[in-house]
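The block underneath contains the structure these notes are about, expressed in structure tokens.
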Amino acid sequence: MNFGKRVFIFSIFVISVICSGPACALEAGEAAPDFSLQSITGEQVSLSDFKGRVVLLKLATTWCPTCKQLSAEISRAGDDLAANNVVFLDVFVRDSVATVEEYLAEMDYPMTFHALLDDGQVSDDYNVYLIPRLLLVDADQVVRFDSAGGNVSAEDIKAMVRQYQPPAAEQGS
């Protein structure tokens, strides 16, 4: 193993140890930092565009195997998420449009979905040191869950959505 690779692995280890607890996560009850990013289709998408709806916010990369597993769990929960008017914002950290398009060719998301390219804003605002990160943002744009790099199943996702879903009459479009 070359020196550069060892330094990189050691750095990831140190960051993982330092940020292994909730110190690097957003606390439940905190306002979700708003952002506006470009989607892979060229449109500007902001978190605040979806006030009134539950938002699943995933921060990940295309090359991370655990990120791909989380995408599969979200896809498994997809029909339930669509039925509950949930928005899924998949924020790709340091990936190109072409790489994201190739990655998404294998995915099927029936809910409202946007693939976004992080320009560093979300990584900074959400203290992204471990990936994948999955956050559930409620209809009032408050963080209700932050996985902080932990595993989340389709059943976990469905249960959280049911818990924080606003009454149907209050949901935005």
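The values are calculated or read from the model by the stated rules, or taken from the named source; none is laboratory data. Nothing here was measured: the structure is a model prediction, and the numbers come from that model. Counting neighbours? That spans all protein chains shown, and the Cβs are built from the backbone with ideal geometry, glycine included.
Within region 93-147, which residues are out of contact with any Asp or Glu (no Cβ under 6 Å at 6 or more places or on another chain), within 18 Å of residue 45 (Cβ to Cβ) and of a type in the set (Gly, Ala, Ser)? Matches in region 93-147: 96, 120, 123, 139.
Whenever a residue of region 62-73 is outside any helix (DSSP H, G or I), its partners that are among the aromatic types (Phe, Trp, Tyr) and surrounded by 18 or more Cβ atoms within 10 Å (Cβ to Cβ), lying with C-beta atoms within less than 8 angstrom and at least six residues away or across chains, give the pairs 62/92; 62/103. One residue stands out in region 62-77 among those that are crowded, with 16+ Cβ neighbours inside 10 Å and not basic (Lys, Arg): the one that is farthest from residue 164 (Cα to Cα), namely 62.
Checked against the criterion of being more than 12 Å from residue 74 (Cα to Cα), touching a Pro at 6+ places or on another chain (Cβ under 6 Å) and crowded, with 19+ Cβ neighbours inside 10 Å, the candidates 139, 148 yield just one match: 139.
Residue 39 falls short on exactly one of the conditions (1) touching a His at 6+ places or on another chain (Cβ under 8 Å); (2) at pLDDT below 85, and that condition is (2). Applying the condition of being in contact with a Lys or Arg (Cβ under 9 Å, 6 or more places away or on another chain), not in a strand (DSSP E or B) and not hydrophobic (A, V, I, L, M, F, W, C) to region 24-61 and asking which residue is surrounded by the most Cβ atoms within 10 Å (Cβ to Cβ) yields 61.
Among the residues of region 117-126, those identified as out of contact with any Phe, Trp or Tyr (no Cβ under 8 Å at 6 or more places or on another chain) and crowded, with 17+ Cβ neighbours inside 10 Å are 123, 126.
If you go through region 77-96 and keep only what is among the β-branched types (Val, Ile, Thr) and modelled with pLDDT of 95 or more, you end up with 86, 87, 91.
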